[in-house]
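So the structure is just underneath, and the comments pick up after that.
The values are calculated or read from the model by the stated rules, or taken from the named source; none is laboratory data. Keep in mind that this is a model prediction, so the values were computed, not measured. Cβ atoms come from the backbone with ideal geometry, glycine included; neighbour counts cover every protein chain shown.
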Amino acid sequence: MDAPADPLSLPAAVRAFDAMAPRFDERFGGWRSVAAQRAAVRRHLLATFPEGSALLELGGGTGEDALFLAARGRRVHLTDGSPAMVARAAEKVAAAGAGGSVTLDCVPLEALGELAEARVSAGLPSFDGCYSNFAAFNCVEDHRAPARALARLLVSGGRAVLVVFGPFAPGEVATLLLRGQARSAFRRLSRRPVPARVGSHAFTVTYPSPRALARSFSPWFRLVATRGIGVFVPPSSAEPAISAWPRLLAALERVDRVVSAPLALLGDHVLVVLERTGAPA
Ligand SMILES: C[S@@+](CC[C@H](N)C(=O)[O-])C[C@H]1O[C@@H](n2cnc3c(N)ncnc32)[C@H](O)[C@@H]1O
């Protein structure tokens with residue numbers, strides 16, 4: 001699909017990330033809490049998708065996870081709604097010589113149905129699975145439409161691994177209360193879209209519980225598992241301070257490995273695993 005010509009036509013959240021794309025890796029890449037949470041997600045992705053899998057990535061940003069998976073024998077079709085994110089990812093893919101394993105496409109989640117239609121019409125093969133890391137699905141209000149599209153894009157039995165913000169993260173509540181940001185501290189409890197900001201760009205995010213997300217997917221997917229990402233490993237709101245404590249973080253990562261299943265709903269993020277059970281009529 002072609003990139004949308006007019007940046008103002010992009011969804012507000014996409015516009016916000018688009019503006020920060022050139023600085024995205026620099027801003028978040030050095031934070032150890034983010035690296036620890038990313039490492040946990042990657043363990044699950046490797047365990048879920050065997051070598052040789054053809055995967056669709058949603059909200060793939062600058063391609064960090066696509067390049068990681070490509071280096072480990074998976075093929076990834078990275079999509080993101082932000083043209084600048086996709087452009088940055090393309091530069092990194094070219095620099096890594098990974099063009100044979102990672103392809104790129106500028107597609108907002110809102111237009112996933114068009115991608116499905118185009119691929120089905122062209123007779124292109126279905127993907128073995130899909131994944132989305134770090135909250136792209138929190139940037140949309142309607143989860144049913146992308147779910148429907150994904151049911152057309154994945155093979156029967158294919159898995160969708162979606163990493164979304166957890167519905168209640170005690171680590172973030174504590175951090176924000178300590179900073180005197182009481183109103184923000186409990187925003188995840190809202191069942192309505194909540195104002196958010198990246199740089200100077202305002203948009204809204206949603207905090208669906210994993211069950212609510214699974215309900216949106218339920219006509220075509222069944223919920224398989226939920227895992228907490230960043231249960232004791234702190235959220236990025238604890239940065240940059242927490243990066244100064246690498247040994248503490250390493251210990252908290254070990255704790256998270258033990259509690260990620262029973263305390264899944266308390267994670268800064270929750271990794272939701274869904275399995276495609278049917279296709280839209
Ligand atoms: C926090 S970043 C995470 C990027 C990447 N997955 C990572 O782990 O580094 C969220 C990404 O979601 C993308 N995004 C936000 N809203 C989107 C939408 N409606 N459709 C597609 N992508 C979207 C943004 O452009 C951004 O790249």
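List of remarks:
- Of all residues in the stretch 222-281, exactly one satisfies the criterion of being among the charged types (D, E, K, R) and at pLDDT below 95, namely GLU239.
- Qualifying helices (runs of 4 or more DSSP H) (wholly inside the stretch 56-168; at least 2 residues being within 23 Å of VAL273 (Cα to Cα) and near the ligand (Cβ under 8 Å from one of its atoms)): 64-70
- Test: SER216 is part of a helix (DSSP H, G or I), modelled with pLDDT under 95 and of a type outside the set (Phe, Trp, Tyr): no
- In the stretch 75-106, the residues that are in contact with a Pro (Cβ under 8 Å, 6 or more places away or on another chain) and surrounded by fewer than 20 Cβ atoms within 10 Å (Cβ to Cβ): PRO83
- For the stretch 173-188, filtering for residues that are assigned to a helix (DSSP H, G or I) and either within 22 Å of ARG15 (Cβ to Cβ) or without any contact (Cβ under 8 Å) to a residue 40 or more places away in the chain (or both) leaves 10.
- Listed by first and then second residue, the pairs linking a residue in the stretch 45-65 that is in contact (Cβ under 8 Å) with a residue 60 or more places away in the chain and hydroxyl-bearing (Ser, Thr, Tyr) to a residue that is more than 6 Å from the ligand (Cβ to nearest atom) and not in a strand (DSSP E or B), with Cβ atoms under 7 Å apart and 6 or more places separating them unless they lie on different chains, are SER53/ARG74.
- Residue check, PHE49 hydrophobic (A, V, I, L, M, F, W, C) and more than 10 Å from the ligand (Cβ to nearest atom): yes
- Test: residue in the stretch 243-252 that is among the hydroxyl-bearing types (Ser, Thr, Tyr), in contact with a helix residue (DSSP H, G or I) (Cβ under 6 Å, 6 or more places away or on another chain) and either in a helix (DSSP H, G or I) or under 26 Å from ARG152 (Cβ atoms) (or both): yes
- Scan the stretch 8-35 for residues that are of a type in the set (Asp, Glu) and near the ligand (Cβ under 7 Å from one of its atoms) and the total you get is 1.
- Exactly one residue out of SER260, SER236 is closer than 17 Å to ALA39 by Cβ and within 16 Å of the ligand (Cβ to nearest atom), and it is SER236.
- Among residues of the stretch 189-204 being in contact (Cβ under 8 Å) with a residue 24 or more places away in the chain and in contact with a Phe, Trp or Tyr (Cβ under 7 Å, 6 or more places away or on another chain), the one that is surrounded by the most Cβ atoms within 10 Å (Cβ to Cβ) is ALA196.
- Residue list for the stretch 25-52, filter: small (Gly, Ala, Ser), at pLDDT 95 or above and surrounded by fewer than 19 Cβ atoms within 10 Å (Cβ to Cβ): ALA35, ALA39, ALA47, GLY52
- Options ALA136, ALA169, ALA111; residue that is buried (at least 24 other Cβ atoms within 10 Å of the Cβ), in contact (Cβ under 8 Å) with a residue 40 or more places away in the chain and over 15 Å from the mean Cα position of the chain (by Cα): ALA169
- The set of residues from the stretch 127-139 being out of contact with any Gly (no Cβ under 7 Å at 6 or more places or on another chain) and within 20 Å of SER53 (Cβ to Cβ) comprises CYS130, TYR131, ASN133.
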